[in-house]
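Working notes, beginning with the structure itself.
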Amino acid sequence: MTGRVPALRRGTNLARIAGFNEAVIIDAIRRSKGGLSRVELTELTSLSAQTISNICRRMIEAGLIVEGERVVTGVGKPRTLLSLNPAGQYAVGVHLDPLVMTFVVLDFTGSVVAHSQQPTPTAASPDEVMDDVRETLEDLIASTGIDDAAIAGIGFASPGPIDTQAGVILDPPHLPGWRNVPLRDHLRETTDLPVLLDKDVIAAAVGERWAGATMGYANSVFVYLSTGVGVGITIDDTVVRGFSSNAGDIGHLVVDPDGPLCECGLHGCMGASLSPAAFVAAAVDAGVLPASTLRAGSDPARLDKAFDRLVGRADAGDVAALEVIRMSAVRLAKAVDTLANLVDTEVVAFGGPTWTRLSGHYLRLVPDMVAGHLVRGALGPLRVRGTALGEDVVAIGAACLVLDRAFSPHAASFALSG
Ligand SMILES: [Zn+2]
């Protein structure tokens, strides 16, 4: 068993809040949307009526669940529906992105109750950024009036590579200056709250499973399209973290041998082909944007503006701009083919700033492009969908990591919690 335990489980300082049976009940109620009666819980969980009754009483006393209306369903006594108390627990999520930092507070049902966003300072040292993060968190939590005791913890999502066991951000390629930053311990000491550090795409995949586009699917792939690309893979109801908890680095998968040159020396890597810089270069080649646009170089903010101009032209029906988008969809579909065939997934969901811009085009183009290449094609089409959590998917996912860790009935975390 020990060899299969993900590093996160060993490196975490976040204690489980619910016992296994409590977590099973919370999970069933959370998935039910409208609430469940004790009788329905007994049927769903196979726990005895007495056990359900005892656990529910304790959780009502603890403020985690609440009794709602009494409903009559056929013969017998009216049943009282139990639902999660939104104020029962809260979790904080932070997404560190090369361009912006996003902060959210989620209630126990996964709804966002507070949100803030600010540019990631480019010139500041990691120490200064972490001080900024702490101040923003304090202000945000204070603005909600939530007592610290009701906050289960802070989930922090960073680009990889990271060392989840040590809680250290190693040296993400798009975060110059961030090298061996002991983020988790620093934040824990300065905020006095439990902190989990995880990779951005893994946080996003957990968030979509908790409250988003892949909820209810045992096998799913989440593709994050931003300055870089990454995937969060779920197999048999478990988000795959891998040996070092850095799974999902798909940036160097070649999706077009004639595509743009990547820093790794190959042509047409997925990351290099779907970066904002690649879109802008293709738009200049196609005459959609003037050659002077390339003076933006690698400056992310200026590239972003140029990318927006390309999307604006495509949205307005410009044929050349639409062709640039179509070519990028071919490359994206190639990556989706490979992923879907490799892990035999039911659904692929997309998110990230590039997806936000292009979702209308990609939802129209990608499903048909993928259809012909699926090995299991006869079993029905692959479901292709956009994030249900919007632009804040990674920050929300980071907070969901905390709720997932504290309240989900995962065998691996229980094996270690004792
Ligand atoms: Zn490459």
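The values are calculated or read from the model by the stated rules, or taken from the named source; none is laboratory data. Because the structure is predicted, anything quoted here is derived from the model rather than measured. Every residue, glycine as well, gets a Cβ built from its backbone with ideal geometry; the counts of neighbours run over all protein chains shown.
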| Hits in region 40-51 - residues which are in contact with a helix residue (DSSP H, G or I) (Cβ under 8 Å, 6 or more places away or on another chain) and farther than 16 Å from Gly76 by Cβ | Leu44, Thr45, Leu47, Ser48, Thr51
| said: Looking only at region 278-306, filter to residues that are more than 20 Å from Arg326 (Cβ to Cβ) and part of a loop (DSSP other than H, G, I, E, B); which one of those is farthest from the ligand (Cβ to nearest atom)? | reply: Pro290
| Ser275 fails exactly one of the following numbered conditions: (1) polar (S, T, N, Q); (2) closer than 30 Å to Ile26 by Cα; (3) within 15 Å of the ligand (Cβ to nearest atom). What is the number of that condition? | (2)
| message | Being small (Gly, Ala, Ser) and over 21 Å from the mean Cα position of the chain (by Cα) is the requirement here; does Gly110 meet it? | response | no
| message | Condition (residue is more than 16 Å from the ligand (Cβ to nearest atom) and free of Cβ contacts under 8 Å to residues at least 40 places away in the same chain) applied to region 256-266: is it met by at least one residue? | response | no
| message | So, in region 285-303, exactly how many residues are touching a Pro at 6+ places or on another chain (Cβ under 7 Å) and either surrounded by fewer than 19 Cβ atoms within 10 Å (Cβ to Cβ) or not hydrophobic (A, V, I, L, M, F, W, C) (or both)? | response | 1
| task | Tell me which residues, restricted to region 267-277, are part of a loop (DSSP other than H, G, I, E, B) and without any contact (Cβ under 8 Å) to a residue 60 or more places away in the chain. | result | Ser275
| said: Yes or no: region 218-227 includes at least one residue that is under 23 Å from Val105 (Cβ atoms) and either surrounded by fewer than 19 Cβ atoms within 10 Å (Cβ to Cβ) or of a type in the set (Lys, Arg) (or both). | reply: no
| field | Cβ pairs under 6 Å, 6+ apart, first in region 305-324 and under 16 Å from Arg295 (Cα atoms), second of a type outside the set (A, V, I, L, M, F, W, C) | value | Ala306/Thr293; Phe307/Pro276
| message | Quick check on this structure: which one of Ala301, Ala340 is within 28 Å of Leu175 (Cα to Cα) and of a type in the set (Gly, Ala, Ser)? | response | Ala301
| said: Whether any residue in region 147-161 is within 17 Å of Arg188 (Cβ to Cβ), among the hydrophobic types (A, V, I, L, M, F, W, C) and free of Cβ contacts under 8 Å to residues at least 40 places away in the same chain is what I want to check. | reply: yes
| request: State yes or no: is Met270 at pLDDT 95 or above and either of a type outside the set (Phe, Trp, Tyr) or assigned by TED's automatic domain parsing to the domain that holds Leu332 (or both)? | output: yes
| request: Return only the number of the condition from (1) surrounded by 22 or more Cβ atoms within 10 Å (Cβ to Cβ); (2) out of contact with any Leu (no Cβ under 9 Å at 6 or more places or on another chain) that Leu187 does not satisfy. | output: (2)
| message | Which of the numbered conditions does Arg313 fail, given that it passes all the others? Conditions: (1) modelled with pLDDT under 95; (2) basic (Lys, Arg); (3) more than 27 Å from the chain's Cα centre (by Cα); (4) surrounded by 15 or more Cβ atoms within 10 Å (Cβ to Cβ). | response | (1)
| note | Only one of Leu196, Leu137, Leu175 is in a helix (DSSP H, G or I), under 23 Å from the mean Cα position of the chain (by Cα) and buried (at least 19 other Cβ atoms within 10 Å of the Cβ), namely Leu137
